[in-house]
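Working notes, structure below.
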Amino acid sequence: LLDAWAALTLVEADTPSAAKWREEDLGHGEEHLYAIPVVDGIDAGPLVVTVVWDDVAGSSKLALTEPVLVNDLDAVLVAPDGSAHGPWILDPLPFDEDDPWDGIEPIAPEDVVPARRCTANEPWDPDLADECEDHRNNVEQIVVDQPVEGWYLLRIRAFVVPDGPQPYSVVVAQGCG
């Protein structure tokens, strides 16, 4: 659901000194950095950063268990203390590759787990990369429940962009949670 009033308020609050949204392009291997000031900290509510892009059509010939994302961007938000906040990640449900449509529900209740988010001591730590990066979705949202005052650094990189450059949008909001 779209909260049109909140979206309008966000667009009206956008100024060069306090950017709330941007649209840019990234080519394979490129990275963009954005400095995000947080003035009110915890009192203003959660800090929410959303990165979204229209991906090109993926192959319909892949197995059901294979991701179909073609152009893959990754986002991480580095807090003033140096800790890194990754996006919400929803793990895929298990499928029986031999016969996923055999008439039996292949998903058990214990297979359904909530989305998770990752916080690391260092952005894109190679040991945590598989757990902290989302390689399945073209919408990545990072939420810091209790942001501290200071400058946050948003890093967006083109992990894989074979069909690019890839246009994307970034929206930064605080206190909407």
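The table below lists the values:
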read-out	value
Evaluation of PRO114 against (1) surrounded by fewer than 14 Cβ atoms within 10 Å (Cβ to Cβ); (2) modelled with pLDDT under 75 (one fails), failing number	(2)
Residue list for segment 145-169, filter: buried (at least 21 other Cβ atoms within 10 Å of the Cβ) and aliphatic (A, V, I, L, M)	ILE156, ALA158, VAL161
ASP99 among the acidic types (Asp, Glu), touching a Phe, Trp or Tyr at 6+ places or on another chain (Cβ under 7 Å) and modelled with pLDDT under 90	no
Residue match in segment 59-72 (condition: within 18 Å of the chain's Cα centre (by Cα), open to solvent by 50 Å² or more (accessible area, probe 1.4 Å) and at pLDDT below 75)	yes
Residue list for segment 134-143, restricted to those being surrounded by fewer than 21 Cβ atoms within 10 Å (Cβ to Cβ) and farther than 16 Å from LYS20 by Cα	HIS135, ARG136, ASN137, ASN138, VAL139
Among the candidates ALA158, ALA84, ALA173, ALA120, residue that is at pLDDT below 85 and aliphatic (A, V, I, L, M)	ALA120
Failed item, numbered, when GLY41 is tested on (1) at pLDDT below 85; (2) open to solvent by 60 Å² or more (accessible area, probe 1.4 Å); (3) out of contact with any helix residue (DSSP H, G or I) (no Cβ under 6 Å at 6 or more places or on another chain)	(2)
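The values are calculated or read from the model by the stated rules, or taken from the named source; none is laboratory data. Since this is a predicted model, take the numbers as computed values, not measurements. Glycine gets a Cβ as well: all are built from the backbone with ideal geometry, and neighbour counts include every protein chain shown. Remember, those area values only see protein heavy atoms, side chains included, never the ligands or the DNA or RNA. Shrake-Rupley method; radii C 1.70, N 1.55, O 1.52, S 1.80 Å.
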